[in-house]
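The values are calculated or read from the model by the stated rules, or taken from the named source; none is laboratory data. Owing to the predicted nature of the structure, the values given are computational and were not obtained by experimental measurement. Counting neighbours? That spans all protein chains shown, and the Cβs are built from the backbone with ideal geometry, glycine included.
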Amino acid sequence: MKEIRQDLGYGVCMLRAFSPHVCGGRITLEHALIYGGQQVDKKFAIISICARGHGVDEYQDAGTLDKELCRWVALNRASSEELNELSKVINYHRVKDRLNRIYGKYVPVEPVSTLVIQYV
């Protein structure tokens, strides 16, 4: 996904701002939503998450992947129209509301800024 590689927001763990979460390891991509038995390949549904939060690399089998938190991030990144497209069997608007009641308002993480050299 060229669009994701170019987005600076994918350079950080999207769970970093969630207070109980502790980041560790490299940044990975997680498909947070399933539709029709398949991973949703829309940008909002693919989140960047650290290896610890994804349960990969040295965190494999550590039980650190929380799929519900990943869904919470993805659903809050989606527009209302995008949620309508997916809400044929599962009402994702209702799921988003339920997760927001549990975890609170999702606050997007500030993207990694690029270094800018200014010559005077």
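For the reader, a short list of remarks on this structure follows.
- Within the stretch 86-105, considering residues that are closer than 13 Å to VAL40 by Cβ and of a type outside the set (A, V, I, L, M, F, W, C), the one surrounded by the most Cβ atoms within 10 Å (Cβ to Cβ): TYR92
- Scoring VAL109 on the criteria (1) over 20 Å from ILE4 (Cα atoms); (2) at pLDDT below 95 leaves a single failure, condition (1).
- THR64 vs. criteria touching a Gly at 6+ places or on another chain (Cβ under 6 Å) and at pLDDT below 95: yes
- Note on the stretch 17-48: among residues that are closer than 16 Å to PRO111 by Cβ and more than 10 Å from the chain's Cα centre (by Cα), the one that is modelled with the lowest pLDDT is ALA17.
- The requirement of being on the phi < 0 side of the Ramachandran plot and assigned to a helix (DSSP H, G or I) is fulfilled somewhere in the stretch 26-43, by at least one residue.
- For the stretch 50-64, the set of residues classified as closer than 19 Å to VAL12 by Cβ and touching a residue at least 24 places away in the same chain (Cβ under 8 Å) consists of CYS50, ALA51, ARG52, GLY53, HIS54, VAL56, ASP57, TYR59, listed by residue number.
- Qualifying residue in the stretch 18-28 (condition: closer than 16 Å to LEU75 by Cα and either free of Cβ contacts under 8 Å to residues at least 24 places away in the same chain or buried (at least 17 other Cβ atoms within 10 Å of the Cβ) (or both)): yes
- Search result, residues across the stretch 68-85 that are exposed (fewer than 12 other Cβ atoms within 10 Å of the Cβ) and not in a helix (DSSP H, G or I): SER79
- Every listed requirement among (1) β-branched (Val, Ile, Thr); (2) part of a helix (DSSP H, G or I); (3) in contact with a Gly (Cβ under 9 Å, 6 or more places away or on another chain) is met by VAL109 save one, (2).
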